[in-house]
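Colleague: Quick one: structure below, then a few questions.
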Amino acid sequence: MDLAIKLIVFLPLVAAAIAGLFCRVIGDRPAQIVTCAGLLIAAALSVFVFVRIGFGPEDGKLIVVRLFSWFNSGTVDVAWSLRVDTLTAVMLIVVTGVSSMVHVYSIGYMAEDPSVPRFMAYLSLFTFFMLMLVTADNLVQLFFGWEGVGLASYLLIGFWYDKPSANAAAMKAFIVNRVGDFGFALGIFAVWMLTGSVTFNEIFAKAHDMSTMHFVFLGKEVPALECACLLLFVGAMGKSAQLGLHTWLPDAMEGPTPVSALIHAATMVTAGVFMVCRLSPLFELAPTASQVVTLVGAATAFFAATIGLTQFDIKRVVAYSTCSQLGYMFFAAGVGAYSAAMFHLMTHAFFKALLFLGSGSVIHCLHHEQDMRKMGGVKEKAPQTFILMWIGTLALAGIGIPMIFGHGIGFAGFHSKDAILEGAFAAHSTVGQIAYWLGIAGAFMTAFYSARLMFMTFYGKYRGDHHTWDHAHESPLVMLIPLYVLATGAVLAGFVAYPWFVGESWEHFWGHAIAVHATEHILHAMHQIPHWAGLLPLLMGVAGIALSYVYYVARPDLPAKTVAMFRPLHTFFYNKWYFDELYDAMFVQPALAIGRLFWKKGDGATIDGLGPDNVAARAQDVAGVLSRFQSGYLYQYAFMMLLGVAALVTYFVVMVR
């Protein structure tokens, strides 16, 4: 088991090193083979670990593989260890499963790119950092993986560095994430100050003691654990693109489509959800912080869905959908339904990666066209992509048949999203009710804009360039195989995994990987909610798809009329609630003005003006004066020599006296 865990984590790193460092020696195809093989082996081993941990005996629910001592300073001893419990095992399946499919898909999608080995190396490097994050046994090691995925995402988003927009998007993602990471680092410092440790087992053992601690700030007593959890959640907000720190996610679509699927569907953006669930024993004892998590998640779910209604870039629609679904995961964790949050994280990985890679298949089919207004009728050219995209759409919309075999049967999102909304309703709190109703509204909008994407892309007549249409074609098999694998997960994952995550077998499956008391309370309460509360999400999904059909198939004149009727609201949503403009006015322009002031007045006028530039200018002035005597005439040189002799004589006469 220990060897399998080590191989899962380090095979992607070895593959990245081979592809990245020896690309000129081995070439494109071997680099693809090495990286794909490394991830496929890691994915197979992850299934083995998942079965052994999730369904093994109670005393085998936690395995810690100590590699070496990282550093020892005073009382702080940080070891480099690989912690694998059920929570980690689920993430291993998600990360290696999606990443391996993205690697295989990239063989076809990036076939014409001149930097294939570099791209494959970046993908594998990102996967290694993500695996380090989910297997961390302490907060410092988790922070290493946390920052590592930030670095790798910067490299991947800006992969096409000759595009200014890609460079700007990479910088934006990196900087916005640093804002959240600053809060995360402060949270780690706070936990260490309160417990004297950064190792999870020791922190969890002192959680109840932390809940009684206070510190004085500005003359007021502040609950220490609440403050620490809020700071930690700020880090999650940045990494998981929650409201306020979300602006980097849509711009990150400038990277190649496989990057969008890997980073923004199942891995990096879910790191914040994983972190909150990993630290659930702390959040369980911090009710105020949990309420903040709930409200921020619910607001994000609603906010991102409103923007998704108005976008035309096929990848941006899916990106805002990701942002919205992450909000669902957070408000599930906020009300204590940690197992439901992880359930949706797992199912979302399948159908959202399917939608991203399916969008890439459409873009590949139409020779890099991404504007849905220039699409239409694509199902004629790409029938397999059409069917697979519908599977992802129905899973995202949460379509299924309730109350069959106990918990219903349907696509993956039907089971996991319903579990989240039922958990929010069952919380019987004000924030829970707010989250439930915002989630219901979000479910309707999600179904509408997801179906809108399908109808605008695959139905009706083609609206783009006819030369592109003549050369449009279905994607190659190497791109379709990953789609079929992910589609299988989008169909079966929810129904199969429901008993393990939130059903009758949850307690044995999870063990002590998440906060048991909070989870037990909320899962029990979920079975006692009114029938209509559990049925409403499905009705919203069906209604959203039906209304979208009316707007974009039956009556295609309605969208323009609706936009004209609600022009200000549409403009507000289309411009993303003007967050970018607000941040530009509040932070970017003042920062540029301050920088320009320090540059011109501080560095240029003061430091250089009085320092090096001033000395150089005076030396130049003196040199200018002396240069006038270098005329080239002999009589002037003789006169200057005579003046020199007279000056020397005068000096000696004065000195003798």
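The values are calculated or read from the model by the stated rules, or taken from the named source; none is laboratory data. Remember, predicted model here, so these are calculated numbers, not experimental data. Ideal geometry is used to build each Cβ from the backbone, glycine not excepted, and the neighbour counts take in all protein chains shown. The area values use the complete protein model at the heavy-atom level, side chains included, leaving out ligands, DNA and RNA. Shrake-Rupley method; radii C 1.70, N 1.55, O 1.52, S 1.80 Å.
Colleague: Can you find, within the range 161-175, the residue that is least open to solvent (accessible area, probe 1.4 Å) among those that are touching a helix residue (DSSP H, G or I) at 6+ places or on another chain (Cβ under 9 Å), free of Cβ contacts under 8 Å to residues at least 24 places away in the same chain and closer than 14 Å to Pro256 by Cα?
Modeller: Residue satisfying both the conditions and the ranking: Asn167.
Colleague: In this structure, is Gly423 modelled with pLDDT under 95 and crowded, with 22+ Cβ neighbours inside 10 Å?
Modeller: Values: modelled with pLDDT under 95: yes; crowded, with 22+ Cβ neighbours inside 10 Å: yes.
Yes; evaluated as a whole, the condition is true for this residue.
Colleague: Take the residues in the range 99-116 that are more than 13 Å from Thr257 (Cβ to Cβ) and open to solvent by less than 10 Å² (accessible area, probe 1.4 Å); name whichever of them is modelled with the lowest pLDDT.
Modeller: Val116
Colleague: While we're on this one: Run down Asp470, Asp465 and say which single residue is without any contact (Cβ under 8 Å) to a residue 40 or more places away in the chain and charged (D, E, K, R). Explain how you work it out, then say what you get.
Modeller: Numbers: Asp465 fails: without any contact (Cβ under 8 Å) to a residue 40 or more places away in the chain.
Testing whether each residue is without any contact (Cβ under 8 Å) to a residue 40 or more places away in the chain and charged (D, E, K, R) leaves just Asp470.
Colleague: Report yes if some residue within the range 68-90 is open to solvent by 10 Å² or more (accessible area, probe 1.4 Å), in a loop (DSSP other than H, G, I, E, B) and not charged (D, E, K, R); otherwise report no.
Modeller: Yes - at least one qualifying residue is present in the range 68-90.
Colleague: Please list, ordered by residue number, the helices (runs of 4 or more DSSP H) wholly in the range 561-657 having 3 or more residues that are of a type in the set (A, V, I, L, M, F, W, C) and at negative phi.
Modeller: On the way: elements: 567-574, 579-583, 589-597, 612-627, 634-656.
Hits in the range 561-657: 567-574, 589-597, 612-627, 634-656.
Colleague: Taking the range 330-366 as the region of interest, how many residues are of a type in the set (Gly, Ala, Ser) and farther than 15 Å from Leu483 by Cα? Lay out the reasoning, then the answer.
Modeller: Step one: filter the range 330-366 for residues of a type in the set (Gly, Ala, Ser), giving 332-334, 336-337, 339-341, 349, 353, 358-361.
Next cut, farther than 15 Å from Leu483 by Cα only: 332-334, 336-337, 339-341.
Selection size over the range 330-366: 8.
Colleague: Does Ala585 qualify as being under 21 Å from Phe444 (Cα atoms), under 31 Å from the mean Cα position of the chain (by Cα) and at pLDDT 90 or above?
Modeller: Values: under 21 Å from Phe444 (Cα atoms): no; under 31 Å from the mean Cα position of the chain (by Cα): yes; at pLDDT 90 or above: yes.
No; evaluated as a whole, the condition is false for this residue.
Colleague: Out of all the residues in the range 224-252, which are in contact (Cβ under 8 Å) with a residue 60 or more places away in the chain, assigned to a helix (DSSP H, G or I) and surrounded by 24 or more Cβ atoms within 10 Å (Cβ to Cβ)?
Modeller: Leu225, Cys229, Phe233, Gly235, Ala236, Gly238, Lys239, Leu249, Pro250, Ala252
Colleague: Give the number of residues within the range 218-261 that are hydrophobic (A, V, I, L, M, F, W, C), within 22 Å of Leu366 (Cβ to Cβ) and under 10 Å from the mean Cα position of the chain (by Cα). Can you show your working first?
Modeller: Start the filter on the range 218-261 by keeping residues that are hydrophobic (A, V, I, L, M, F, W, C), which leaves 218, 222, 224-225, 227-234, 236-237, 241, 243, 245, 248-249, 252-253, 259, 261.
Then drop every residue that is not within 22 Å of Leu366 (Cβ to Cβ), which leaves 252-253, 259, 261.
Those still in the list that are under 10 Å from the mean Cα position of the chain (by Cα) too: 252.
The qualifying residues number 1.
Colleague: Of (1) touching a strand residue (DSSP E or B) at 6+ places or on another chain (Cβ under 7 Å); (2) in a loop (DSSP other than H, G, I, E, B), Phe414 satisfies all except one. Which?
Modeller: Of (1) touching a strand residue (DSSP E or B) at 6+ places or on another chain (Cβ under 7 Å); (2) in a loop (DSSP other than H, G, I, E, B), only one is false for Phe414: (2).
Colleague: Taking the conditions exactly as written (open to solvent by 20 Å² or more (accessible area, probe 1.4 Å) and within 26 Å of Gly255 (Cα to Cα)), does Glu369 satisfy them or not?
Modeller: Values: open to solvent by 20 Å² or more (accessible area, probe 1.4 Å): yes; within 26 Å of Gly255 (Cα to Cα): yes.
Answer is yes for this residue.
Colleague: Something else now. What are the residues in the range 257-306 that are part of a loop (DSSP other than H, G, I, E, B) and either surrounded by fewer than 24 Cβ atoms within 10 Å (Cβ to Cβ) or in contact with a His (Cβ under 7 Å, 6 or more places away or on another chain) (or both), if any?
Modeller: Pass one, the range 257-306, residues part of a loop (DSSP other than H, G, I, E, B): 267, 279, 284-286.
If the condition is that a residue be part of a loop (DSSP other than H, G, I, E, B) and either surrounded by fewer than 24 Cβ atoms within 10 Å (Cβ to Cβ) or in contact with a His (Cβ under 7 Å, 6 or more places away or on another chain) (or both), then Glu284, Leu285 are the ones that fit.
Colleague: For the structure I just gave you, tell me whether Val140 is surrounded by fewer than 24 Cβ atoms within 10 Å (Cβ to Cβ), assigned to a helix (DSSP H, G or I), aliphatic (A, V, I, L, M) and in contact with a Cys (Cβ under 7 Å, 6 or more places away or on another chain). Break it down into steps so the answer makes sense when it comes.
Modeller: On the way: surrounded by fewer than 24 Cβ atoms within 10 Å (Cβ to Cβ): yes; assigned to a helix (DSSP H, G or I): yes; aliphatic (A, V, I, L, M): yes; in contact with a Cys (Cβ under 7 Å, 6 or more places away or on another chain): no.
Answer is no for this residue.
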